[in-house]
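Only the coordinates and a few stated rules stand behind these numbers; no lab work does. All values derive from a computational prediction rather than experimental measurement. Cβ coordinates were reconstructed from backbone atoms using ideal geometry, including for glycine residues, and neighbour counts include every protein chain displayed.
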């Protein structure tokens, strides 16, 4: 049997480094693509478009031993660089990262960033990021290819047949928490769980679930309020990923909970005798309703037709709640622990005529006083949905685009557009000007009057009384600033530089532009051309050309075509660029933005 060939150039794995990170560093050191290196290591069966996680959790043991021999590593040295596949199941693990660690560690990634319960960096006391700041997608989902042609620590996610995102991952903002934050302390304990390819998944799940459950129960509202919007969003997404019912850990947690809580005695008391629905039981014990039904069936408990025991109503109480107190069928059903359709059936049996317009609400039978402005009465009288449209118009105008408004409201952009169109039809006038390139949406004169009327105390009280708990919150300044920055990045924030003279600190510089701007600022008033920028930054020539033209149109650059006298050997003339005088005056603050954002 032939011995495997040893590698001429070798790179030692760092302590705790993941296998894919070490192989990428080895490919860069050997100045070759990762796919060519995998072929040399006998891993040609891993296709180029394969998920990166398959390298981390699906390699056979003999492949690891062969790589150790080829790289002259001690036996079982790579065991800490891979993870047991049972932790991830069929789902690819979601890789998270700390921007500061990537910057300090020269783009090397530890194994624990792949774990489903990795959410914080214990070195820099900050939450981890999930997506690239440039393309907004997971940067290491697929195996990167020509890693040697691009700087380390950059996003290698493909954005086309020949292009990659290329954004600097270390440029993502730090989501700082502080050394003593419970999330950081819990992550320190979780990182202490011992893992190797042959670790029992159940043993890991027991410890991870204990720590996660303790953390979820110990987080105080005051600690959550101290976190900014970006931090809260990152933490909620990370905790949801770790405990999702479709993940192995989440599925294990739900199985353990239903076995421990949904005993025959509990189901007899709450379901059979108490008449609670499966939906109510699922909410009470925190287990998906499908798990509750399946577990009930497996225990041999009789399941009533339709899945729930028919509720027993007090007819006098039902009449009083629906007719006198004008409560909705939805609210009554929630209190009784049944579905609203059961309430509707009982109302029909009692001969009680239902209120019109679907879901009943006092707003549907209320006439508004003449003191309420006519535009609001035209939209909201005798309807619930008019108040919703008014509220969403009131919220939307805080944001630069309808898309960012829809994202905040968790709606599809088309849905929000349709609702605002219906609002304008009810008023009979245009209420706001849609956003165009570099110009945010803004209210018309009629729209500004409507917004002023909506801010009246009596109108505000009417809206809150009508919508109740369903009313959407007015966005805070963090959410507005984040939406402006995101819209700025999508559209290319660099417009007319003169408008930024007094507000340069608010400028958002998209990550793909930062290497180019750093190069231009470093040269000051010296000329540079496309070839020099490509050599210094590694950016693709197509990207450089497009961005230079945008900067020139925005008033950032002056372009000078090379005359024939400066190219005596002939050939195609170059275009040389220099920063405009105004850009040079703002250079200190702009340089700080490109370095810190």
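Note that segment 148-286 shows a convex hull volume over its alpha carbon atoms of 206 Å³ per residue.
Net length available on complete extension from residue 289 to residue 560 is 90.7 nm, with 0.36 nm assigned per residue and the Cα-Cα distance removed. Annotation: peptides 121-131, 10-20, ranked by per-residue average of other Cβ atoms within 10 Å with the highest first, follow the order 121-131, 10-20. At full extension, residue 439 and residue 224 could sit 73.9 nm farther apart than now, given 0.36 nm per residue minus the alpha carbon distance. Rg and Dmax of segment 262-307, based on Cα coordinates, read 9.2, 24 Å. Using the Kirkwood radius built from alpha carbon pairs, what does the Stokes-Einstein equation give as D for segment 1-237 at 10 °C and 1.306 mPa s, in µm² per second? Value of D from the Cα-based Kirkwood radius: 85 µm²/s. Using the Cβ-Cβ distance between residue 474 and residue 418 with R0 set to 30 Å, the FRET efficiency works out to roughly 0.85. Considering segment 365-479, its Cα convex hull presents a mean projected area of 7.3 nm².
When each of the peptides 54-63, 277-286 is scored by how many other beta carbons lie within 10 Å of its residues on average, the order from highest to lowest is 277-286, 54-63. Take 470-480, 324-334 and order them by the average number of nearby Cβ atoms within 10 Å per residue, most first; the result is 324-334, 470-480. Computed from label points 7 Å out along Cα-Cβ, the spacing between residue 303 and residue 369 is 5.4 nm. Between residue 317 and residue 256, the distance separating the two model label sites (each 7 Å from Cα on the Cα→Cβ line) works out to 3.8 nm. For segment 384-444, the fraction of alpha-carbon pairs lying more than 15 Å apart is 44 percent, rounded to a whole number.
Please compute, over every Cα-Cα pair in segment 167-224, the percentage with a separation greater than 20 angstrom. The proportion of pairs with Cα distances above 20 Å equals 44 percent. Note on residue 403 and residue 180: the model spin-label points, each 7 Å out from Cα along the C-beta direction, lie 4.3 nm apart.
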